[in-house]
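Each reported figure results from applying straightforward, stated rules to the coordinates on display, with no laboratory input. Being a predicted model, the structure only gives us computed values, none of them experimental. Heads up, the Cβs are rebuilt from the backbone with ideal geometry, glycines too, and the neighbour counts pull from every protein chain shown.
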Amino acid sequence: MVVSMTGYGKAILSNEQYKIHIEMKAVNHRYLETIVRMPRQLLAYEDAIKKIVAEYTSRGRVEVFVTIEGLLQRTLQIDEGLIQQYKKAIEHLSGEEQNKSFYNPIDLLKLPEVTTVSEVEQINDNFEELLLTTTENACQQFFDVKCKEGGQLKKDLIERLTAIEECKKQITVHSPLVLKSYREKLQTKLAEVELTAVDEQRLLTELMLFADRCDISEELVRLTSHLELFNETLQIKESIGRKLDFIVQEMNREVNTIGSKANSLDISKQVVEIKNNLEKIREQVQNIE
């Protein structure tokens, strides 16, 4: 099962007191790294959120943003004693007692230290359940997006594997012709220098040495095995990104050997095409969980 490492999810739940909004996004990372950004008062719930995230993803750098309405209750407090002191100070400076209409309440509230706003956390028994349920919902959408993107990745990978398989078939067809072509060239060269009495045994020995140097049958067998393993791995319902990356490395190794041993323009063209597709596959595999 191909699951992308990148994704996005969000969820909003509310009750009579709280409204919880959770968003999450992920980018590529070698391991799972979860970063939870939320009010300081909720740090006690960080591990629980990370545990839920780990149930939906095994690799990637995941950022979770938690916003909560109704968490803090604000209370306005007015220091009436301080207001009276301000009034007395004004009367003392003006030299006469002021009537009540002289004092504008709005202006009095603007005086330094007259008002203070206190915040009190309002966490009841229903808060944790609502928070974790919202996290679950966001993670489910996050996972669905990752699976959808993974499906697109899988489609592209299969198309490129098919292209590589076709190139491999062409190499298999041309491989036996390499020795035949070399023998014809060798005989032509000998004829050009008028060596008509060449030892047939020496000619066969030279052809056998060349055939051994250019034999790519083992590499083709291993390349076929790697292609089959890659296809099989795409169907596994677990984290497969690292395994696929390793298989691509092995395929590259075999293809490089084929290219160095083949001694054929036709085969070299197919090797270039395979390398191009393998590079695209390697890039895509980096996005797979």
key: Size of charge dipole - the stretch 1-61 - debye, nearest 20, with Cβ of Lys, Arg +1 and Asp, Glu -1, no other charges   = 220 debye
request  = If a/c stays under 1.5 just call it rounded; otherwise compare a/b with b/c (prolate if a/b is bigger, oblate if not). Do that for the stretch 244-284, with a ≥ b ≥ c from the square roots of the Cα gyration tensor eigenvalues.
outcome  = oblate
task = Go through 148/237; 148/280; 51/154 and tell me which ones have a Cα-Cα distance over 26 Å in this structure.
result = 51/154
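For the stretch 221-285, state which GluC sites (Glu not before Pro) are in a DSSP loop and have at most 13 other beta carbons lying within 10 Å of their beta carbon.
Listed in order of number, the matching sites are 238.
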key: In Hz, Karplus ³J(HN,Hα) per residue of the stretch 152-167 (6.51, -1.76, 1.60; θ = phi - 60°; x = Gly, Pro)   = 5, 4, 4, 4, 5, 4, 5, 4, 6, 5, 4, 5, 5, 4, 5, 4
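Could you give the dipole magnitude of the stretch 1-157 about its Cα centre, charging the beta-carbon of Lys and Arg +1 and that of Asp and Glu -1, in debye to the nearest 20?
Numbers: 19 positive and 24 negative charges, 210 e Å.
Here the size comes out at about 1000 debye.
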Sum of side-chain charges, residue 146 neighbourhood, beta-carbon under 12 Å (Lys, Arg +1; Asp, Glu -1) = 0
task = Round to the nearest 0.05 the FRET efficiency obtained for residue 40 and residue 140 when R0 = 30 Å and r is the Cβ-Cβ distance.
result = 0.65
ask   = How much length is gained if the chain between residue 221 and residue 268 is pulled fully straight, taking 0.36 nm per residue apart and subtracting their Cα-Cα distance, in nm to one decimal?
value = 15.1 nm
key: Globularity ratio of the stretch 7-46, using Cα Rg and 2.2 N^0.38 Å   = 1.44
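Return the loop-located GluC sites (Glu not before Pro) in the stretch 1-94 (DSSP other than H, G, I, E, B) with at most 15 other Cβ atoms within 10 Å of their own Cβ; answer none if there are none.
Of the GluC sites (Glu not before Pro), the ones in loops of the stretch 1-94 whose Cβ has at most 15 other Cβ atoms within 10 Å are 16.
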key: Candidates per chymotrypsin sites (Phe, Trp or Tyr not before Pro) in the stretch 7-37, loop by DSSP, up to 16 other Cβ within 10 Å   = 31
